[in-house]
Amino acid sequence: MTEGRWPTMHVLALIALPLGALATLADDPRTPAGQPDEIVFAVRQPGVGSHWYENFGYYAQDEHAKAYRALGQLCRLNLNTGQLTILLDDPQGSVRDPQVDYDGRKILFSYRPGGSDYFHLYTIHADGTGLRELTTGPYDDIEPTWLPDGRIMFCSSRANRWVNCWFTQVAILYACDSDGQNLHPLSANIEHDNAPWPLPDGRVIYTRWEYVDRSRVSFHHLWTSNPDGTGQMVYYGNLHPGTVMIDAKPIPGMDQIVAVFSAGHGQKEHAGAITIVTPKTGPDDQEAARKISRGDDYRDPYPLSRDHFLVARKDRLLVMDVQGETKETYRLPPELARAGAECHEPRPLACRDREPAIPSRPAIQGMTGRLILSNVYLGRSMEGVRRGEIKKLLVLETLPKPVNESGKMPPMSFGGTYTLERVLGTVPVEPDGSAYFEVPALRSLFFVALDEHDNSVKRMMSFLTVMPGETTSCVGCHEPRTRTPQNFDHPALLALRRPPSKIAAIPDIPDVLDYPRDIQPILDRHCVRCHDYDRRDGRVALCGDRGPIFSHSYYTLTALKYVSDGRDRLVTNLPPRAIGTSASSLMATLDSRHHGVRLAKHEVDMIRYWIESAAPYPGTYAALGSGMIGGYPKSQLDTSDRNWPCSPAAAEAIRRRCLECHDQSRPLPQYLSDDLGLVLSNPDPDDVRIRWSRHLVFNLSRPDKSLILLAPLGKQAGGYGLCRPGGASSGAGAVFADKTDPDYEKLLELCRAGKEFLDKIKRFDMPGFQPPAMYVREMKRFGILPADPGPADRIDVYVTDQAYWRSLWWASAIPPGGPE
């Protein structure tokens, strides 16, 4: 702890503002009753990136590239006199998220001193004395709020995880004592939690970002929990995609909150429309939200009364009323504004009522909690599900990433998951639809309802977390949040007549499945004899030959939707059997009706649980940013190795020999990284670009088996003879009569060069694979790998991943000082 230490460049200054810099409100008829005499606020340059969360830490590709900027100030403004007091001034540092204590005497805030890399929690007296650092370490602690029992809730990168679809770090909910001791997590989210704030009933409202089986850019809504992390529950919006709902605070004397609604995937620094939400009609009523601002670039609302709100807008502070009228309160000096500094987080410097303190419920020991499900058949979109049809719940866990460097899915999937999912096992559902079971605490869990054949009936499409020792419950499967429990068949739930079920592991099924390791050998045994390039029945190849990013069989099954997963869609709460094994046509081919194919039950189960766990390609996060030709970004190799083969001669040959038929209606890739303009978010399997994608036409395991060669090569020369000058019905011979055609040789050389390049850079399933430098760096930072792990090709990335995930599990007891 550090008290009374002023970092270099800090001054305490009283400033008489120039005329026009401030309009006092004392004589303005629009001034709200109870207008505070003084406010505090932060000044800083916004974060580097465009996302609302991209303002701390460093970027995965380069640890020296920071997401934060500088020009930090903590300011105190007298609204009656216009006197501005700069409590803390650090031109090289950054100040954010001030929160005044209940007595109005102390300010809690997040501060990165100039010359340092991390935001930590600090307090300072309202007169600028007594600066004290509360938290330390190589982590960012941001967005703190006082809790009514004197503790602090905040968001922290101590969670050691990265955004699954970007290259910055994640912060989730944490708590600590008022002096920074006893730090511990309150969340297991693998994506961001943001902006916790107490509600009048003692609960905390915050923003939770998630994307289980649905779009990664559209579900960031308002949730609540108790201050101890128990009782996590949706507050508003989780069924409706398309808005970041953030910086929510209760309106005094009203059952309403005010928040920022930032359209789409949100604007930087939480900017958006100031919106009032009345939650009485439930969390799914879109009419309950009413926009009051007349623009979409406001930030940081703080309710002064039921009708007036402090807000920030770029370099200004304003008071806004419920009609959206604004009155400027303060504007930054021109020199600061020109340097890119902005005003943030205005708060009244005044005492306020303390919310009731909700006693902590769990015993913070042990490693489990308990869940009660009243009736799985009660809920929305459960039409057609017969009572007794659901026999068990599959328990899955979404797994955090130790690093990430892409905004797209590859190589995790083609248009599907960004995230690996762990198969924990199953728990029984009783005949009355009830279930009672024990789950690991502080893990990000979700469920799939299974029928008697272990096929999916309904997927949760969200996640839940329990705290150690917590018992919580839900009514049914996606039940309306305005419905109370009901059970008409039994006076007590059948599941509660026995001890809680333990999760039953599924025998001989890996907890994290890997397509080349676990699924391809099954296809090799049963499918490839009919579905290879020498015998391509149904024009389907299920061999494991490698394309520029995926194997040909993986791309075929997922891109052409023989497998149905959640994809990256702007939908949620889908009808029964809409995704998963029940909706995957691949499952129908796994019995003897498909040309006598007979798979062992274990083989069918391996494919089943691969589908239910999001059908990933790699089973390791070490695959990220490696072994790819093309994609986004190129690779994580040295700069000298980033230029994959590109043959102008081959591209010219394709244009000259193929574009007569393969025009824009049937485009053909002209080089190994040519994506044909495909958008990966939920691509249409009927799009011709899917069927002529580079992921299929280039074979980098057996170059001469590339479709870009076989299709135009005459049958007598070993090709398919599908492509002819003037079209297939022209009567002309194949484009390439034989393999001596100079253009055939150019294309073959391109495919061979691709194979040589892939053999050099190596994919995760190839001997000698080396995990990317960023993966090794972060695993060393987390203490998973030693400082000198030895040669990179000796690192077992599957073991390393598992050790990383275990390091995040809740320990059975909090060590002295908290589980840092």
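Worth a mention:
- When residues of the stretch 419-449 are limited to those that are of a type in the set (Phe, Trp, Tyr) and open to solvent by less than 10 Å² (accessible area, probe 1.4 Å), the one nearest to THR168 (Cα to Cα): PHE446
- Residues that are open to solvent by 10 Å² or more (accessible area, probe 1.4 Å), outside any loop (DSSP other than H, G, I, E, B) and in contact (Cβ under 8 Å) with a residue 24 or more places away in the chain do not occur anywhere in the stretch 561-580.
- Contact map, the stretch 39-60: residues that are in contact (Cβ under 8 Å) with a residue 12 or more places away in the chain and of a type in the set (S, T, N, Q) paired with residues that are in a strand (DSSP E or B) and surrounded by fewer than 22 Cβ atoms within 10 Å (Cβ to Cβ), Cβ distance under 8 Å, separation 6+ or inter-chain. Pairs shown: GLN45/GLU342.
- Condition broken by THR281, with the remaining ones in (1) at pLDDT 95 or above; (2) surrounded by fewer than 18 Cβ atoms within 10 Å (Cβ to Cβ) satisfied: (1)
- SER681 at pLDDT 95 or above, assigned to a loop (DSSP other than H, G, I, E, B) and closer than 30 Å to THR620 by Cβ: no
- Breaking point among (1) more than 30 Å from ALA803 (Cα to Cα); (2) touching a Phe, Trp or Tyr at 6+ places or on another chain (Cβ under 7 Å), for THR168: (1)
- From the options ARG294, ARG290, ARG299, residue that is among the basic types (Lys, Arg) and part of a loop (DSSP other than H, G, I, E, B): ARG294
- Matching option when the condition is open to solvent by 40 Å² or more (accessible area, probe 1.4 Å), modelled with pLDDT of 85 or more and hydrophobic (A, V, I, L, M, F, W, C), among LEU659, LEU668, LEU672: LEU659
- If you go through the stretch 220-271 and keep only what is at positive phi and either in a strand (DSSP E or B) or open to solvent by 10 Å² or more (accessible area, probe 1.4 Å) (or both), you end up with GLY231, GLY242, ASP247, GLY253, GLY264, GLY266, GLU269, HIS270.
- Every residue from the stretch 306-351 that is out of contact with any Asp or Glu (no Cβ under 8 Å at 6 or more places or on another chain), farther than 17 Å from ILE257 by Cα and assigned to a loop (DSSP other than H, G, I, E, B): GLU325, PRO333, ALA339, GLY340
- The residues in the stretch 185-219 that are among the aromatic types (Phe, Trp, Tyr) and either over 11 Å from the mean Cα position of the chain (by Cα) or open to solvent by 10 Å² or more (accessible area, probe 1.4 Å) (or both) can be counted, and the count is 3.
- Some residue of the stretch 735-754 being open to solvent by 30 Å² or more (accessible area, probe 1.4 Å) and small (Gly, Ala, Ser): yes
- The set of residues from the stretch 167-178 being farther than 29 Å from PRO252 by Cα and surrounded by fewer than 21 Cβ atoms within 10 Å (Cβ to Cβ) is empty.
- Scanning the stretch 686-719 for residues that are among the hydroxyl-bearing types (Ser, Thr, Tyr) and either out of contact with any Phe, Trp or Tyr (no Cβ under 9 Å at 6 or more places or on another chain) or open to solvent by 20 Å² or more (accessible area, probe 1.4 Å) (or both) yields one hit, SER701.
- Only one of the numbered conditions (1) farther than 19 Å from VAL528 by Cβ; (2) in contact with a helix residue (DSSP H, G or I) (Cβ under 9 Å, 6 or more places away or on another chain); (3) modelled with pLDDT under 90 is violated by ARG567, and that is (2).
- Residue tally, condition open to solvent by less than 20 Å² (accessible area, probe 1.4 Å), part of a loop (DSSP other than H, G, I, E, B) and among the small types (Gly, Ala, Ser), over the stretch 536-551: 2
- Test: residue in the stretch 123-136 that is in contact (Cβ under 8 Å) with a residue 60 or more places away in the chain, surrounded by fewer than 24 Cβ atoms within 10 Å (Cβ to Cβ) and farther than 19 Å from ASP97 by Cα: no
- ASN194 vs. criteria among the polar types (S, T, N, Q), at pLDDT 95 or above and in a loop (DSSP other than H, G, I, E, B): no
- Members of the stretch 419-457 that are closer than 17 Å to ALA188 by Cα and of a type outside the set (A, V, I, L, M): THR419, GLU421, ARG422, GLU438, PRO440, ARG443, SER444, PHE446, PHE447
- Residue count, the stretch 786-812 (criterion: open to solvent by less than 20 Å² (accessible area, probe 1.4 Å) and farther than 30 Å from GLY369 by Cα): 1
- In the stretch 101-122, the qualifying residues are those that are in a loop (DSSP other than H, G, I, E, B) and of a type in the set (D, E, K, R), and the one that is surrounded by the most Cβ atoms within 10 Å (Cβ to Cβ) is ASP101.
- The set of residues in the stretch 581-625 being over 19 Å from GLU397 (Cα atoms) and crowded, with 23+ Cβ neighbours inside 10 Å consists of SER584, ALA623, LEU624, GLY625.
- Verdict on ASP177 being within 24 Å of PRO301 (Cβ to Cβ), of a type in the set (Asp, Glu) and out of contact with any Phe, Trp or Tyr (no Cβ under 9 Å at 6 or more places or on another chain): no
- Within the stretch 359-469, strands (runs of 3 or more DSSP E) holding 1 or more residues that are in contact with a Cys (Cβ under 8 Å, 6 or more places away or on another chain) and basic (Lys, Arg): 456-459
- Pair list, Cβ < 6 Å and 6+ apart or interchain, from the stretch 517-530 residues that are under 12 Å from GLU603 (Cα atoms) and touching a residue at least 60 places away in the same chain (Cβ under 8 Å) to residues that are among the acidic types (Asp, Glu) and surrounded by 15 or more Cβ atoms within 10 Å (Cβ to Cβ): ILE522/GLU603
- You will find that of TYR554, TYR533, the residue that is surrounded by fewer than 24 Cβ atoms within 10 Å (Cβ to Cβ), in contact with a helix residue (DSSP H, G or I) (Cβ under 9 Å, 6 or more places away or on another chain) and not acidic (Asp, Glu) is TYR533 and no other.
- Just one residue in the set ASP62, ASP89 is surrounded by fewer than 24 Cβ atoms within 10 Å (Cβ to Cβ), more than 22 Å from LYS249 (Cα to Cα) and within 28 Å of the chain's Cα centre (by Cα); that residue is ASP62.
The values are calculated or read from the model by the stated rules, or taken from the named source; none is laboratory data. Only a predicted model underlies this, so the values are computations on that prediction, with no experimental measurement involved. A quick note on method: Cβ atoms are made from the backbone with ideal geometry, for glycine too, and the neighbour counts reach across all protein chains shown. We work out accessible area using only protein heavy atoms, side chains counted, and drop any ligands, DNA or RNA first. Shrake-Rupley method; radii C 1.70, N 1.55, O 1.52, S 1.80 Å.
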